[in-house]
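What follows is one structure encoded as structure tokens, with my remarks underneath.
The values are calculated or read from the model by the stated rules, or taken from the named source; none is laboratory data. Keep in mind the model is a prediction, meaning the values are calculated, not measured. Don't worry about glycine lacking a Cβ; one is built from the backbone with ideal geometry, like all the others, and counts go over all protein chains shown. Heavy atoms of the whole protein, side chains included, go into the accessibility calculation; ligands, DNA and RNA do not. Shrake-Rupley method; radii C 1.70, N 1.55, O 1.52, S 1.80 Å.
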Amino acid sequence: MKIMNLTIPNWLIILSGIGQIFTALIYPYIRHQVFDWYNDVKQLKPLNQEIAKTYGRYIQGLNFSFGLIAILFTNELKEQSALAVALTGLIAAYWVGKVATQIAYYPMYEIPKRTLFKVGSYFMNSLFVLFAVVNTMLFIHNLIGHYKIF
């Protein structure tokens, strides 16, 4: 895929997909070990507990699904069809929103001081930026090609 003389190789899209699946699989550990999320959720009313758990599953499911799509449909994600525009736009918006949320809100919260958690937060944030960049570039590529902008 080329965007103004920049090529994004398939391996980078697949690596991004593997990373997204990794985030889905590690998500329960982070909620439990890093944020003590389950004890916080127990303090909510029962309906709100279920809503919080459901949103957690949505996040996990989307991360896994987006990763699987990147791995299984790498070429289709850059074919410049209307569906490719829509899907890469959705995935890009999701990850750009995640990065923006991380920057805007998360610095005000304390992550436990264990070295694993500190290193892990830098690693996870780097992954989120990778996902946002790769999918935004795919979206721009598809948008330009589908609508013949250039």
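When region 14-49 is examined, which residues are found to be among the aliphatic types (A, V, I, L, M) and over 16 Å from the mean Cα position of the chain (by Cα)?
Selection gives Val34, Val41, Leu44, Leu47.
Residue-by-condition table, conditions (1) in a helix (DSSP H, G or I); (2) of a type in the set (S, T, N, Q); (3) in contact with a Leu (Cβ under 9 Å, 6 or more places away or on another chain):
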site: Gly61; (1), (2), (3): yes, no, no
site: Ser65; (1), (2), (3): yes, yes, no
site: Leu77; (1), (2), (3): yes, no, yes
site: Val99; (1), (2), (3): yes, no, no
site: Leu127; (1), (2), (3): yes, no, no
site: Leu138; (1), (2), (3): yes, no, yes
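Of these, Ala93, Ala82, Ala70, Ala132, which one is over 12 Å from the mean Cα position of the chain (by Cα) and of a type in the set (A, V, I, L, M, F, W, C)? Outline the logic, then answer.
Values: Ala93 fails: over 12 Å from the mean Cα position of the chain (by Cα); Ala70 fails: over 12 Å from the mean Cα position of the chain (by Cα); Ala132 fails: over 12 Å from the mean Cα position of the chain (by Cα).
One residue alone meets the criteria, Ala82.
Report whether or not Ile144 is in contact (Cβ under 8 Å) with a residue 24 or more places away in the chain and either within 30 Å of Glu76 (Cβ to Cβ) or not in a helix (DSSP H, G or I) (or both). Please lay out each step first, then the result.
Working: in contact (Cβ under 8 Å) with a residue 24 or more places away in the chain: yes; either within 30 Å of Glu76 (Cβ to Cβ) or not in a helix (DSSP H, G or I) (or both): yes.
Answer is yes for this residue.
When Glu50 is tested against (1) among the charged types (D, E, K, R); (2) in a helix (DSSP H, G or I); (3) modelled with pLDDT under 95, just one condition goes unmet, and that condition is (3). Criterion applied to Gly61, Gly17 was being of a type in the set (Gly, Ala, Ser) and closer than 29 Å to Lys148 by Cα, and the one residue passing it is Gly17.
Note on region 1-30: residues that are open to solvent by less than 40 Å² (accessible area, probe 1.4 Å) and modelled with pLDDT under 85 total 2. One residue stands out among those in region 59-115 that are among the aliphatic types (A, V, I, L, M), under 15 Å from Ser16 (Cα atoms) and touching a Ser or Thr at 6+ places or on another chain (Cβ under 7 Å): the one that is surrounded by the fewest Cβ atoms within 10 Å (Cβ to Cβ), which is Val96.
In region 24-39, the residues that are over 17 Å from Tyr55 (Cβ atoms) form Cβ pairs under 6 Å with partners that are of a type outside the set (Asp, Glu), at six or more places apart or across chains, as follows: Val34/Phe117.
Applying a threshold of 7 Å to beta carbon distances and a minimum spacing of six or more residues, or different chains, the list of pairs starting in region 59-85 at a residue that is more than 30 Å from Tyr29 (Cβ to Cβ) and ending at one that is open to solvent by 70 Å² or more (accessible area, probe 1.4 Å) and part of a helix (DSSP H, G or I) reads Ala84/Glu76. Exactly one residue out of Gln43, Gln33 is more than 25 Å from Tyr122 (Cβ to Cβ) and open to solvent by 80 Å² or more (accessible area, probe 1.4 Å): that is Gln43.
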